[in-house]
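The values are calculated or read from the model by the stated rules, or taken from the named source; none is laboratory data. All values reported here derive from a predicted model rather than from experimental measurement. Neighbour counts run over all protein chains shown; Cβ positions are idealised from the backbone, glycine included. Side chains included, ligands, DNA and RNA excluded: accessible areas come from the protein's heavy atoms. Shrake-Rupley method; radii C 1.70, N 1.55, O 1.52, S 1.80 Å.
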Amino acid sequence: MRHCSVQVRGLLTREELDRYNGLIEVGSFLEDQSRYDLAYNIQKEIDLLILPAIERLKDKSRARDRATAEYLESLREEDDEDGDSDKEQVR
């Protein structure tokens, strides 16, 4: 069975995580029994289950990128203001 990343697992709700753990356990059992045909279906269910958590991770990343862009813009504005005041002092 393919596990999802720790970041995605951290964004699963309690219900999703319980279901994920149960599916992983069943899928691992099926693989141990060489029932790969059934394990494939379990893996598909896991892939569908984690999609909302992947979207939450993407949203979190986008929010972080926006915050970084705003911070960099504020630094540029401060730099521009400092540059303007330096020019006035030279005159």
Inset, instruction - Normalising by the residue count of the chain, find the relative contact order in percent from Cα pairs under 8 Å and 6+ residues apart. - result: 32
Inset, instruction - Which order do the peptides 31-37, 17-23 take when ranked by the mean count of other beta-carbon atoms within 10 Å per residue, highest first? - result: 17-23, 31-37
Inset, instruction - Roll a 1.4 Å probe over the protein chains and send me the accessible area per residue for the chain in Å². - result: 78
Inset, instruction - Rank Ile50, Gly10, Leu38 by how far each Cα sits towards the positive end of the charge dipole of the chain (+1 on Lys, Arg Cβ; -1 on Asp, Glu Cβ) and give me just the farthest. - result: Leu38
Legend entry - Dipole magnitude of the chain about its Cα centre (Cβ charges: Lys, Arg +1; Asp, Glu -1), debye to nearest 20: 700
Legend entry - Stretchable slack from Leu49 to Glu78, in nm (0.36 nm times residue separation minus alpha-carbon distance): 5.9 nm
Inset, instruction - Using a 1.4 Å probe and counting only protein heavy atoms, arrange Lys44, Lys60 so the residue with the most accessible area comes first. - result: Lys60, Lys44
Inset, instruction - Sum -39500 (n - 2.57) across every DSSP H segment of at least 4 residues in the chain, then divide by the residue count to get the 222 nm mean residue ellipticity, nearest 500. - result: -29500 deg cm²/dmol
Legend entry - Efficiency of FRET between Leu17 and Thr68 - r from beta-carbon atoms, R0 30 angstrom, step 0.05: 0.55
Inset, instruction - For an R0 of 22 angstrom, estimate the FRET efficiency from the Cβ-Cβ distance between Phe29 and Val6 and round to the nearest 0.05. - result: 0.45
Legend entry - Cβ-defined net charge surrounding Arg64, 14 Å radius [Lys, Arg +1; Asp, Glu -1]: +2
